[in-house]
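The values are calculated or read from the model by the stated rules, or taken from the named source; none is laboratory data. Note that the structure is a prediction, hence the values are computed from the model and not measured. Neighbour counts run over all protein chains shown; Cβ positions are idealised from the backbone, glycine included. Surface areas here come from the heavy atoms of the whole protein model, side chains and all, with no ligands, DNA or RNA. Shrake-Rupley method; radii C 1.70, N 1.55, O 1.52, S 1.80 Å.
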Amino acid sequence: MKTENGQEIIQLFESWSPKKLACMENDPIGLAIGTLNKPVTKVLVTLDVNEAVADEAIAQGCELIIAHHPPIFRRLANIRTDNPAGQLYEKLIKHDIAVYAAHTNLDVANGGVNDLLADALQLENRSILEETYAEDVLKLVVFIPTANAEELREALAKAGAGRLGSYEACSYTSVGEGRFRARDGANPHVGLIGELHVEREVKVEVVFPASLKNRLLKAMLNVHPYEEPAYDVIRLDQQTNIMGLGRVGYLPQEMTLHEFAEFVKQQLDVPTVRVVGDLQSKVKKIALVGGDGNKYIYTAKRAGADVFLTGDMYFHTAQDAQAIGLQIVDPGHHVEKVMIAGVAKKMADMCKDKNFTVEFVQTTIDTEPFLFV
């Protein structure tokens, strides 16, 4: 039975949560420790990487750790094995355990941290709080003999072209005539060297995200019968695959702020929350950002949120929120632990579809540094 290597597993992960989604400058995402060029049978999923998590990975026989918080957040001047950080890196390297970090890209990804938090809070009719990523839309226009048009349309659709909302395989075809004269040295599919040839052709037009350009052109060239296909790639004044940080949505039913705070404690498994606002006020529209969302209080207010849920709320930022009439529920940074079960399930499902024989283990180590007394 074939054993997948780390590169294959991370390529699959990045098809869901690509690095290009990262929205923090110099976010230290990607492979942080070790190598992916090795067989991987078991992966540990964790929010943080500390010595206890490393020991757990060793005991479980994991060759790879996928973490949300990068274990090396700032540039290192040295790696000293007489301090805790250096000892952690040394242990991971000695046991050949690679560590891969997906930080703000996992926050932004569809089904990532912020969606998992919104799922836990049962938010409906969701939208993005702040757009951070979008792709330009391109149009491919290609001329091809009528007999080959259907094969071309199928190839382009399979490569990802022509997806509009809930529709796929969208294209437009118009009929016309192509004219050309093959010169010496050519190997024409139709027509003769030196003679002007007229061929019944169609023009096929499809739109696609800019990131698929190379794949689409390869698919087109693979099925096109001409040596030198005539085609255009046009950039449109449109964008697609719009993604971003945070979510805005509605509770299934209106609650008081106090009831919502209790609901958050229950749904996100936290012992306490900090609250700014009138505990008896009615709330329904919720904005959220996993982790530290201090700089998004005005964005949440503009979105019309009754409450902004985020962690690590600063004292003066809480006062600013209070001044603009934005209520706050702060469950702490550690609620991002929702990614542990979420990533493990998502990756297990994706690997099953690919027939990868990889096991994803959820950490049992609580990395919350605070005690609540």
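Can you tell which of Gly176, Gly185 is of a type outside the set (A, V, I, L, M, F, W, C), open to solvent by 40 Å² or more (accessible area, probe 1.4 Å) and more than 30 Å from Glu259 (Cβ to Cβ)?
Values: Gly176 fails: open to solvent by 40 Å² or more (accessible area, probe 1.4 Å).
Of Gly176, Gly185, the one residue that is of a type outside the set (A, V, I, L, M, F, W, C), open to solvent by 40 Å² or more (accessible area, probe 1.4 Å) and more than 30 Å from Glu259 (Cβ to Cβ) is Gly185.
Among the residues of the stretch 185-195, are any more than 25 Å from the chain's Cα centre (by Cα) and assigned to a strand (DSSP E or B)? Explain how you work it out, then say what you get.
Step one: of the stretch 185-195, the residues more than 25 Å from the chain's Cα centre (by Cα) are 185-195.
From what's left, assigned to a strand (DSSP E or B): 193.
Scanning the stretch 185-195 turns up at least one residue that is more than 25 Å from the chain's Cα centre (by Cα) and assigned to a strand (DSSP E or B).
Taking interchain pairs and intrachain pairs at least six residues apart, which have beta carbon atoms under 7 angstrom, with the first residue in the stretch 200-221 and at negative phi and the second of a type in the set (Asp, Glu)?
Final answer for the pair search is Arg200/Glu177; Glu201/Glu177; Pro209/Glu135; Ala210/Glu135; Ala210/Asp136; Ser211/Glu135.
Tell me, yes or no, whether the stretch 149-160 has at least one residue that is touching a residue at least 24 places away in the same chain (Cβ under 8 Å) and part of a strand (DSSP E or B).
No, because not a single residue in the stretch 149-160 is touching a residue at least 24 places away in the same chain (Cβ under 8 Å) and part of a strand (DSSP E or B).
Just one of Tyr250, Tyr226 is in contact with a strand residue (DSSP E or B) (Cβ under 9 Å, 6 or more places away or on another chain), over 30 Å from Ala341 (Cα atoms) and aromatic (Phe, Trp, Tyr); which is it?
After applying the criteria, what remains is Tyr226.
Provide a single number: the residues in the stretch 116-149 that are under 14 Å from the mean Cα position of the chain (by Cα) and farther than 29 Å from Asp237 by Cβ.
1
So which residues in the stretch 201-247 are closer than 26 Å to Trp16 by Cα, in contact with a Gly (Cβ under 8 Å, 6 or more places away or on another chain) and buried (at least 17 other Cβ atoms within 10 Å of the Cβ), if there are any at all?
Scanning the stretch 201-247 gives Val206, Val207, Phe208, Pro209, Leu212, Leu216, Gly246.
The rows are residues; the columns are (1) hydrophobic (A, V, I, L, M, F, W, C); (2) open to solvent by less than 50 Å² (accessible area, probe 1.4 Å).
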site	(1), (2)
Ser281	no, yes
Arg302	no, no
Phe308	yes, yes
Met339	yes, yes
Lys346	no, no
Leu371	yes, no
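Quick one: in the stretch 152-173, which of the residues that are over 24 Å from Arg200 (Cα atoms) and out of contact with any helix residue (DSSP H, G or I) (no Cβ under 9 Å at 6 or more places or on another chain) is most open to solvent (accessible area, probe 1.4 Å)?
Tyr167
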